[in-house]
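Asker: Structure incoming, see below.
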Amino acid sequence: MASVKVRGLNKRFGQTHVLRGVSVDVPDGSFAVLVGPSGCGKSTLLRLLAGLEEADDGSIALGDRDVTRLEPRDRDIAMVFQSYALYPHLTVRDNLAFGLKLRKTPPAEIEARVKEASEMLGLGPLLDRFPRALSGGQRQRVAMGRAIVRRAQLFLFDEPLSNLDAALRAQVRVDIRKLHDRLGATSVYVTHDQVEAMTLADEIFVLNKGVVEQSGPPLEVFARPRTQFVASFLGSPAMNFFEARMESRDGRWFASQGDLAIEIDAADFPGALSSGRRVTVGVRPHEVDLASGDEGARFQVAIVEALGAESYAHGTVGGAPFVARLDPAAPVAKGDTVRIALQKVHLFDTDTGLSLREA
Ligand SMILES: Nc1ncnc2c1ncn2[C@@H]1O[C@H](COP(=O)(O)OP(=O)(O)OP(=O)(O)O)[C@@H](O)[C@H]1O
Ligand SMILES: [Mg+2]
């Protein structure tokens, strides 16, 4: 297996500048996840890694080999797509063996590798079936098997689970991570599902409009988003935002809007401390408590969704839409106005979207 080092990658399709100086480091054995909204360039970056598209400039290294200008077959990379791309007229066994036969691998070696991969993936009983007689999850396993028998240096996944139903997706997600660990593989995985991203990744790369806005361990990026975009993209339900202005009273700082005043810890946000500065306050739905009496922000509740283990109250705070996760036993019903305390706030520059937290 090998590390991946991408430097200053640019890619244009005609007038569209799809990747704008992307740099990505994936250490040997690491699981990297690229996330971002539709059209931000995730698949393009993956296709550049695989050699299916050519970079305008920049470089791609696999281990200590510069592969930027190499043909796909010379890169030693295996790719798993959303559409499984199985050969319909070949059995599972022959689908697994196909690439190896093309490479003139000796038959005994092919048999051994197919056996190994099918054991790993639980495909043994399915080896003589054709793809049409497999479920979506089984087809995806065969697609992964084809990548495994290659013994490639790097595995690329482009939204491999998006055709599966929710339950199967959760199952195969765990299988993929187990497989990665077992093979000691290096993987780059594309998704726009932030739950997949959070759970699979050693390191997450958040792409926006062809730029890596932030990268790091998922929980770190979640806890300390550097931009409002990253903050809004990770987390479900999404972070709440409302606009406010900074105000100081008696040596304390507040983000204020109308009768709403949220105290800001000056040590956390040195960049925000200027009276009248326009800021965007961000609050995650789970970082909210019901407050007693007249303390806290006024939350007008329009609807309560009870999911059993938790409830989500949807309404408004300071005129902006707001969602709070509540204990299902909380005495809150639609039409109520309650007070909430915000356990943790994020602050962003309203104009640039940059976090005002100390770097
Ligand atoms: N071969 C191509 N020719 C022209 N434009 C392209 C080509 N491939 C991709 N694009 C454009 O590049 C941009 C990025 O596409 P890409 O497929 O990388 O997005 P993505 O992040 O994978 O999105 P999704 O989540 O929808 O799969 C899009 O605007 C797309 O229309
Ligand atoms: Mg894509």
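Asker: Regarding segment 17-26, can at least one residue be identified that is at pLDDT 95 or above, within 11 Å of ligand 1 (Cβ to nearest atom) and more than 20 Å from the chain's Cα centre (by Cα)?
Answerer: Yes: one or more hits.
Asker: Of the residues in segment 1-33, how many are within 27 Å of Asp181 (Cα to Cα) and of a type in the set (Lys, Arg)?
Answerer: 2
Quick grid of which residues meet (1) under 20 Å from the mean Cα position of the chain (by Cα); (2) crowded, with 17+ Cβ neighbours inside 10 Å; (3) within 9 Å of ligand 1 (Cβ to nearest atom):
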residue	(1), (2), (3)
Ala32	yes, yes, no
Gly36	yes, yes, yes
Cys40	yes, yes, yes
Leu45	yes, yes, yes
Ile60	no, yes, no
Gly63	no, no, no
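Asker: With a cut-off of at least 2 residues that are within 16 Å of ligand 2 (Cβ to nearest atom), buried (at least 20 other Cβ atoms within 10 Å of the Cβ) and of a type outside the set (A, V, I, L, M), name the strands (runs of 3 or more DSSP E) lying wholly within segment 157-269. Spell out how you get there, then give the answer.
Answerer: Working: elements: 187-191, 203-208, 211-216, 240-249, 252-257, 260-264.
Answer list for segment 157-269: 187-191.
Asker: Only one of Val332, Val279, Val323, Val338 is out of contact with any Gly (no Cβ under 7 Å at 6 or more places or on another chain) and either polar (S, T, N, Q) or not in a strand (DSSP E or B) (or both); which? Reasoning before the result, please.
Answerer: Details: Val279 fails: either polar (S, T, N, Q) or not in a strand (DSSP E or B) (or both); Val323 fails: either polar (S, T, N, Q) or not in a strand (DSSP E or B) (or both); Val338 fails: either polar (S, T, N, Q) or not in a strand (DSSP E or B) (or both).
Result of the check over Val332, Val279, Val323, Val338: Val332.
Asker: Moving on to the next point. Is segment 47-56 home to any residue that is within 16 Å of ligand 1 (Cβ to nearest atom), assigned to a helix (DSSP H, G or I), without any contact (Cβ under 8 Å) to a residue 60 or more places away in the chain and surrounded by 13 or more Cβ atoms within 10 Å (Cβ to Cβ)?
Answerer: If we filter segment 47-56 for residues that are within 16 Å of ligand 1 (Cβ to nearest atom), which is where we start, we get 47-56.
Now restrict to residues that are assigned to a helix (DSSP H, G or I): 47-50.
Keeping just the survivors that are without any contact (Cβ under 8 Å) to a residue 60 or more places away in the chain gives 47-48.
Now restrict to residues that are surrounded by 13 or more Cβ atoms within 10 Å (Cβ to Cβ): 47-48.
For segment 47-56, residues within 16 Å of ligand 1 (Cβ to nearest atom), assigned to a helix (DSSP H, G or I), without any contact (Cβ under 8 Å) to a residue 60 or more places away in the chain and surrounded by 13 or more Cβ atoms within 10 Å (Cβ to Cβ): present.
Asker: Quick one: count up the residues across segment 176-210 that are free of Cβ contacts under 8 Å to residues at least 12 places away in the same chain and either within 12 Å of ligand 1 (Cβ to nearest atom) or touching a strand residue (DSSP E or B) at 6+ places or on another chain (Cβ under 8 Å) (or both). Lay out the reasoning, then the answer.
Answerer: Here is the first cut: in segment 176-210, the residues free of Cβ contacts under 8 Å to residues at least 12 places away in the same chain are 178, 181.
Narrowing further to those that are either within 12 Å of ligand 1 (Cβ to nearest atom) or touching a strand residue (DSSP E or B) at 6+ places or on another chain (Cβ under 8 Å) (or both): none.
Adding up the residues that qualify gives 0.
Asker: Is at least one residue of segment 206-225 farther than 19 Å from Ala320 by Cα, hydroxyl-bearing (Ser, Thr, Tyr) and assigned by TED's automatic domain parsing to the domain that holds Val22? I'd like the intermediate steps shown before the answer.
Answerer: Start the filter on segment 206-225 by keeping residues that are farther than 19 Å from Ala320 by Cα, which leaves 206-225.
Now restrict to residues that are hydroxyl-bearing (Ser, Thr, Tyr): 215.
Those still in the list that are assigned by TED's automatic domain parsing to the domain that holds Val22 too: 215.
Yes: one or more hits.
Asker: May I ask you to list pairs of residues, at least six apart or on different chains, whose Cβ atoms are under 6 Å apart, with the first in segment 211-230 being closer than 23 Å to Thr16 by Cβ and the second being assigned to a strand (DSSP E or B) and of a type in the set (Ser, Thr, Tyr)?
Answerer: Glu213/Thr227
Yes/no per residue for (1) assigned by TED's automatic domain parsing to the domain that holds Ala108; (2) touching a strand residue (DSSP E or B) at 6+ places or on another chain (Cβ under 9 Å); (3) not acidic (Asp, Glu):
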{"site": "Gly21", "(1), (2), (3)": "yes, yes, yes"}
{"site": "Thr44", "(1), (2), (3)": "yes, yes, yes"}
{"site": "Glu53", "(1), (2), (3)": "yes, yes, no"}
{"site": "Asp56", "(1), (2), (3)": "yes, yes, no"}
{"site": "Asp66", "(1), (2), (3)": "yes, yes, no"}
{"site": "Val80", "(1), (2), (3)": "yes, yes, yes"}
{"site": "Tyr87", "(1), (2), (3)": "yes, no, yes"}
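Asker: Tell me yes or no: at least one residue of segment 19-28 is in contact with a Lys or Arg (Cβ under 8 Å, 6 or more places away or on another chain), more than 16 Å from ligand 2 (Cβ to nearest atom) and over 12 Å from Phe205 (Cβ atoms).
Answerer: Yes - at least one qualifying residue is present in segment 19-28.
The values are calculated or read from the model by the stated rules, or taken from the named source; none is laboratory data. As the structure is a computational prediction, the values presented were derived from the model and not from experiment. Note that we place each Cβ from the backbone using ideal geometry, even for glycine, and neighbour counts take in every protein chain shown.
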